[in-house]
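Asks: Input: one structure, supplied below.
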Ligand code: C2E
Ligand code: CA
Ligand code: CA
Ligand code: CA
């Protein structure tokens, strides 16, 4: 079970074993919420070492009429275990692509990339590639600004299907990042077989950098490996200057975390790129 953002509003503990009836109720509520357009996408900025904002990760929230803003930890697991994650994931993809298209023509914003999370069930749909291509075409988003985040375990689960799908979308220009990297005990072998662009170091390794020696070793190993495979690396969950400094020292070039910025509504993300106010 994933850890939740500290400010996450949640109406039950995601760690809690939820009862069958509660689960069925939540599933029905999620279905209704999708129809009622109650989901919103927040954006957490991603930065280059040089300080430039290069893009953001889209993170889903449920704008619940009574419970307020609900973090994904409270519902994404249930959605993933049902078919619901498919239309939900498709909504996220379309929303992100519409945002990319809206930024085109704005010199301040048109360089921004968006990363979106793709669940296993969504990725394994037979028409996944066709749906992505269709959304790109319909929205007019530039494919190279779209980055799909696949978890390490998803990628490994059916490597041949993964290679085929990534391969096809790569020819369209779409980019790929391996989310939660380091948590899946993966072998190096598969990495070299996949046309990936980025590894995302899981926040659990970032958290104790400089404190737990083995984590420093793991992070250094990931970065060394990525360098040899010519993959970009982004670290997530960067909360302190000390963590950022160590990551930079180890060769990490992209950063995401509360230190630089929390997930925010799109207007707040755009405001981060507002030209400095004249004083
Ligand atoms: P993730 O993809 O690993 O996303 C990173 C999570 O860490 C986000 O939580 C983010 O708000 C949080 N985070 C970012 N920086 C920091 C930091 O410095 N410190 C700490 N402690 N946490 C930080 P969020 O938004 O609650 O999302 C949780 C998980 O829900 C995501 O983990 C992802 O697995 C899933 N999720 C979110 N949006 C989507 C979506 O659109 N589709 C799918 N399939 N899954 C999603
Ligand atoms: Ca992610
Ligand atoms: Ca992650
Ligand atoms: Ca994670």
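The values are calculated or read from the model by the stated rules, or taken from the named source; none is laboratory data. Computed from a predicted structure; not experimentally measured. No Cβ is skipped: glycine too gets one built from the backbone with ideal geometry, and neighbour counts run over all protein chains shown.
Asks: Kindly indicate whether any position in segment 121-135 is under 21 Å from residue 206 (Cβ atoms) and touching a residue at least 12 places away in the same chain (Cβ under 8 Å). First the steps, then the outcome.
Replies: Step one: list which residues in segment 121-135 are under 21 Å from residue 206 (Cβ atoms), which gives none.
Checked against the condition, which is being under 21 Å from residue 206 (Cβ atoms) and touching a residue at least 12 places away in the same chain (Cβ under 8 Å), segment 121-135 yields no hits at all.
Asks: Kindly indicate which of 154, 199, 145 is away from ligand 1 (no atom under 16 Å from the Cβ), closer than 29 Å to residue 100 by Cβ and crowded, with 20+ Cβ neighbours inside 10 Å.
Replies: After ruling out the rest, the residue left standing is 145.
Asks: If a residue has to be more than 14 Å from ligand 1 (Cβ to nearest atom) and either in a helix (DSSP H, G or I) or modelled with pLDDT under 95 (or both) to count, how many in segment 25-50 make the cut?
Replies: Within segment 25-50, residues that are more than 14 Å from ligand 1 (Cβ to nearest atom) and either in a helix (DSSP H, G or I) or modelled with pLDDT under 95 (or both) number 8.
Asks: Any residue that is crowded, with 16+ Cβ neighbours inside 10 Å and more than 16 Å from ligand 2 (Cβ to nearest atom) - is there at least one of those in segment 176-185?
Replies: Within segment 176-185 (the criterion being crowded, with 16+ Cβ neighbours inside 10 Å and more than 16 Å from ligand 2 (Cβ to nearest atom)), the answer is no, since none of the residues qualifies.
Asks: Could you tell me whether segment 191-199 includes any residue that is touching a strand residue (DSSP E or B) at 6+ places or on another chain (Cβ under 9 Å) and part of a strand (DSSP E or B)?
Replies: Applying the first criterion (touching a strand residue (DSSP E or B) at 6+ places or on another chain (Cβ under 9 Å)) to segment 191-199 yields 191, 194-199.
From what's left, part of a strand (DSSP E or B): 198-199.
Yes, there is a match, as at least one residue in segment 191-199 is touching a strand residue (DSSP E or B) at 6+ places or on another chain (Cβ under 9 Å) and part of a strand (DSSP E or B).
Asks: Suppose the filter is in contact (Cβ under 8 Å) with a residue 40 or more places away in the chain, over 18 Å from the mean Cα position of the chain (by Cα) and farther than 23 Å from residue 84 by Cα; does residue 109 pass it? Give the steps one after another, and end with the answer.
Replies: Values: in contact (Cβ under 8 Å) with a residue 40 or more places away in the chain: yes; over 18 Å from the mean Cα position of the chain (by Cα): yes; farther than 23 Å from residue 84 by Cα: yes.
Answer is yes for this residue.
Asks: Would you mind finding the one in 31, 125, 38, 104 that is surrounded by fewer than 21 Cβ atoms within 10 Å (Cβ to Cβ), under 27 Å from residue 156 (Cβ atoms) and away from ligand 2 (no atom under 16 Å from the Cβ)? Walk me through how you get there before you give the answer.
Replies: Details: 31 fails: under 27 Å from residue 156 (Cβ atoms); 38 fails: under 27 Å from residue 156 (Cβ atoms); 104 fails: under 27 Å from residue 156 (Cβ atoms).
From the options 31, 125, 38, 104, the qualifying one is 125.
Asks: Can you tell me how many residues within segment 55-101 are without any contact (Cβ under 8 Å) to a residue 12 or more places away in the chain and surrounded by 16 or more Cβ atoms within 10 Å (Cβ to Cβ)?
Replies: Of the residues in that region, 0 qualify.
Asks: Being buried (at least 21 other Cβ atoms within 10 Å of the Cβ), modelled with pLDDT of 95 or more and assigned to a helix (DSSP H, G or I) is the filter here, so list the residues in segment 224-245 that pass it. Let's see the steps before the verdict.
Replies: Taking segment 224-245 first, the residues buried (at least 21 other Cβ atoms within 10 Å of the Cβ) are 226, 233-236, 238, 243-244.
Adding the requirement that they be modelled with pLDDT of 95 or more leaves 233-236, 238, 243-244.
Passing the criteria: 243, 244.
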